[in-house]
């Protein structure tokens, strides 16, 4: 399965989701590749910490990663037969890498927050993603509320955001863009876990672990059950 994580706005938490998806997927399969197309190289920094800290720990699994820029199509074609899952972490901009990553993806995850600025960026993406889906017809799209504050009651904002997404779907004549029911919150546990070379599902914070587990199940649970014997 190819999973692309994209948002044309920086700071949406794409790399954190990519890392934690990869670590969680390691509990199901061995061959996981994370392709980092962001020049910040956050994935590389994490894997360096994890490999150095847990080099002698046989029970700690590691995913493969590489840094790629520009037209990533050739590398993707070569990698798809070799890995059970490929996660592509894209930069916070409309780019050649992002478009190619979506073209080859089975699942597109778009992390966002319920603000007008984020919504404006999101709607700008919708038309481009719809054009890509005309070619990549099996592409599934999941929008996740990410980095939400833990101390605010945001039901009203989330409902308004859902309504706005529904309106955008109507304007595009589509129902492809779906807002997930499970949200991810801006918890310090994510930063601490990554700083220790751990995924959030390997860390001690139960709230963050449960939230990410629910998000993971909503995104990938059905797919993993269907491919359990693969």
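Just so it is clear, none of the values below were taken in a lab; they were calculated from the coordinates. In this text the structure is predicted, and so the values were computed from the model without any measurement. Neighbour counts are summed over all protein chains in view; Cβ atoms, including those assigned to glycine, are modelled from backbone coordinates with ideal geometry.
Laid out as a table, the results:
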quantity	calculated
Computed lengthening from residue 153 to residue 80, 0.36 nm per intervening residue step minus Cα-Cα distance	22.1 nm
Two-decimal Rg/Rh across the chain, once Rg and the Kirkwood Rh are taken from alpha-carbon atoms	0.94
Dimensionless Rg ratio for segment 17-61, taking C-alpha atoms and the 2.2 N^0.38 Å reference	1.18
In nm, spacing of pseudo-spin labels at residue 29 and residue 127 (7 Å Cα→C-beta vector)	3.5
Efficiency of FRET between residue 58 and residue 182 - r from beta-carbon atoms, R0 35 angstrom, step 0.05	0.60
Computed [θ] at 222 nm, deg cm²/dmol, the chain (DSSP H ≥ 4; -39,500 (n - 2.57); rounded to nearest 500)	-13500 deg cm²/dmol
Packing-based order for 186-195, 128-137, 211-220, using average beta carbon neighbours within 10 Å, highest first	211-220, 186-195, 128-137
Projected area averaged over orientations for segment 137-176, convex hull of C-alpha atoms, nm²	3.5
At q = 0.12, 0.30 Å⁻¹, base-10 log of I(q)/I(0) for segment 147-212 (Debye sum, equal scatterers on each alpha carbon)	-0.45, -1.25
Whole-Å distance, taken between Cα centres, linking segment 35-79 and segment 165-201	21
Highest-fluctuation residue, 208, 22, 73 considered, GNM on the chain with Cα pairs under 10 Å	73
Extended-chain gain in nm, criterion 0.36 nm per residue less alpha-carbon gap, residue 160 and residue 206	13.6 nm
